[in-house]
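Reviewing the structure listed below.
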Amino acid sequence: MLTTPLCRTLGITAPIFSVGMGALAGPALAAAVSNTGACGVLGRVSGAPTAHLRQQIRQVRALTDKPFGVNIILATLQAEWIDICLAEQVPLLVFFWGDPRPYVPDAHRRGIKVLRQVGSVAEAQAAAEVGVDGIIAQGLEAGGHVKSTTALSTLLPAVVEAVAAWEAAGRPAPGQRPGEGTVIGTAPRGDTPVSLERYTGPLFQGAH
């Protein structure tokens, strides 16, 4: 199994992350992915009771002792989501569609790693300035909440170059460069896209 520096930073053995796809990415799925050595990510549903998040985090912990994350779309942020994640000391926060700047210092003080999903080079540079632990580059081919207007084949090398230039200039930068892992939401099987929950078992069995 390929291991990258990002794996060592997060305490995982496979550089693979599941997508926090709302209600589809519940505790059972997040724990199942983490138990393979990858990193499962719990999804959030806008409008769900805030107490539900705390319950789901504890359900994940009952199913795995491996690192996992919580996905938060900042544009739909609900009161107390961040506070709950900090209080529960989740291993990883994944932010998208918003400015993570107000939340990164508090997360780091609690030993929580932070990833920032971006859809452009400008967003990647802003994430590097904030000091996140890693950057997820999302191409326009992605499903769900998509912000990018650029194909991943073009965006990813541009993001890598931009972050490398930021490091070379001596500025704060993410602990790891993009390109050290992959995020999977759905996978093609034949001609039909299937949810990760149905595909996780065969996918990770094959990986081992």
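The values are calculated or read from the model by the stated rules, or taken from the named source; none is laboratory data. This is a predicted model, so every value here is computed, not measured. Neighbour counts run over all protein chains shown; Cβ positions are idealised from the backbone, glycine included.
When you go through (1) more than 23 Å from Trp81 (Cα to Cα); (2) of a type in the set (A, V, I, L, M); (3) touching a Gly at 6+ places or on another chain (Cβ under 7 Å); (4) at pLDDT 65 or above one by one for Leu115, which number turns out not to apply? If we test Leu115 against (1) more than 23 Å from Trp81 (Cα to Cα); (2) of a type in the set (A, V, I, L, M); (3) touching a Gly at 6+ places or on another chain (Cβ under 7 Å); (4) at pLDDT 65 or above, just (1) comes out false. Restricting the first member to region 86-102 and to residues that are buried (at least 22 other Cβ atoms within 10 Å of the Cβ), and the second to residues that are among the acidic types (Asp, Glu), the beta-carbon pairs closer than 9 Å and six or more apart or on different chains are Leu92/Asp133.
Only one entry in Val163, Val132 is among the hydrophobic types (A, V, I, L, M, F, W, C), modelled with pLDDT of 90 or more and either touching a Lys or Arg at 6+ places or on another chain (Cβ under 9 Å) or buried (at least 16 other Cβ atoms within 10 Å of the Cβ) (or both), namely Val132. Scan region 64-85 and tell me whether some residue there is under 22 Å from Gln117 (Cα atoms) and without any contact (Cβ under 8 Å) to a residue 12 or more places away in the chain. There is at least one residue in region 64-85 that is under 22 Å from Gln117 (Cα atoms) and without any contact (Cβ under 8 Å) to a residue 12 or more places away in the chain. Pairs are defined by a Cβ separation below 6 Å, a sequence spacing of at least 6 or placement on different chains, a first member in region 1-29 that is touching a residue at least 60 places away in the same chain (Cβ under 8 Å) and more than 20 Å from Phe96 (Cβ to Cβ), and a second member that is part of a loop (DSSP other than H, G, I, E, B) and among the small types (Gly, Ala, Ser); the pairs so defined are Met1/Ala14; Ala14/Gly37; Ala14/Ala38.
Hey, among Gly98, Gly69, Gly111, Gly119, which residue is on the phi > 0 side of the Ramachandran plot and touching a helix residue (DSSP H, G or I) at 6+ places or on another chain (Cβ under 9 Å)?
Working: Gly69 fails: on the phi > 0 side of the Ramachandran plot; Gly111 fails: touching a helix residue (DSSP H, G or I) at 6+ places or on another chain (Cβ under 9 Å); Gly119 fails: on the phi > 0 side of the Ramachandran plot.
After applying the criteria, what remains is Gly98.
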